[in-house]
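Q: Below you'll find the structure I mean.
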Amino acid sequence: MRHRVAGRTLGRQSGHRKALYRNLVTDLLHHERITTTEAKAKEIRPMAEKIITLGRRGDLHSRRQALRVVYDEKVVKKVFDDIGPRMKDRPGGYLRITALEPRKGDGAAMASIELVDYVEAPPTERPQRVTAAPTAAPAAAGTAAGVTAEGTDESSVEASADEPGAVTAEPAGTEDVAVDGEAAAEEEPRAEVEAEEAGEAADTEDDDADETPADTAAEADGDGEDEKQS
């Protein structure tokens with residue numbers, strides 16, 4: 001039975017348990033505040049306070065003793081250059097343990113351990129919202145856009161017309177007018193030719209109508225005499 005046996009085993013072997021404590025102490029001195037279970041916080045509190053006491057001394061031997069526990073040399077330097085001088089006038093009691101709500105899942109008792117002079121970073125100010133200026137009505141905006149587009153087209157046409165070798169843009173409907181003019185020009189000679197042909201046909205019909213049966217017979221006799229003479 002474990003009567004009068006100090007310390008907590010935490011379900012770990014001695015080597016694993018000591019490494020866990022050293023890691024927690026290193027993180028606590030680095031961040032100055034950590035959250036862990038209440039049992040672990042109570043176990044590492046005396047270890048961390050002894051390191052801070054070594055930092056208050058500030059000699060070489062104390063620094064080497066701190067390096068036997070703390071893993072990071074930068075953390076040891078912080079203890080001897082920053083935390084130790086801050087706790088110079090405080091005779092012990094450098095840490096504070098605050099109980100928190102149980103951990104979700106297994107319901108383990110949680111706690112935060114921190115330096116007594118730990119100051120949280122001030123909350124960052126939220127930037128003010130910048131509202132945009134009210135825009136014009138959609139109809140007015142569309143009209144302005146149309147005027148701008150027309151002015152841009154006219155200016156671009158004028159600028160391109162001034163350039164040498166540029167093709168001048170013709171207004172809409174010019175091509176249709178040109179095509180209609182060409183078709184009309186082609187139809188005029190056709191109409192004249194058809195009128196002339198119609199007139200010749202009418203003259204021929206008039207001549208045929210003016211001839212009498214006697215004239216036809218005379219022409220036939222004349223043709224017969226010509227054949228005999230030949």
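Q: Go through region 103-131 and give me each residue that's under 40 Å from the mean Cα position of the chain (by Cα), farther than 10 Å from Glu32 by Cα and aliphatic (A, V, I, L, M).
A: Ala121, Val130
Q: Return the pairs, sorted by first residue and then second, in which the second residue is crowded, with 17+ Cβ neighbours inside 10 Å and part of a loop (DSSP other than H, G, I, E, B), the first residue lies in region 57-86 and is without any contact (Cβ under 8 Å) to a residue 60 or more places away in the chain, the beta carbons are less than 7 Å apart, and the residues are 6+ apart or on different chains.
A: Val76/Val70
Q: What are the pairs, 6+ residues apart or on separate chains, where a residue within region 125-144 that is on the phi > 0 side of the Ramachandran plot has its Cβ under 9 Å from a residue that is modelled with pLDDT under 80 and in a loop (DSSP other than H, G, I, E, B)?
A: If the second residue must be modelled with pLDDT under 80 and in a loop (DSSP other than H, G, I, E, B), no pairs are left.
Q: Hey, Ala48 hits all of (1) under 16 Å from Lys88 (Cα atoms); (2) out of contact with any strand residue (DSSP E or B) (no Cβ under 7 Å at 6 or more places or on another chain); (3) touching a residue at least 40 places away in the same chain (Cβ under 8 Å) but one; which does it fall short on?
A: The number of the failed condition is (2).
The values are calculated or read from the model by the stated rules, or taken from the named source; none is laboratory data. Everything numeric here is computed off the predicted structure, so don't read it as measured data. Because the Cβ atoms are built from the backbone with ideal geometry, glycine has one as well, and the counts that use them run over all protein chains shown.
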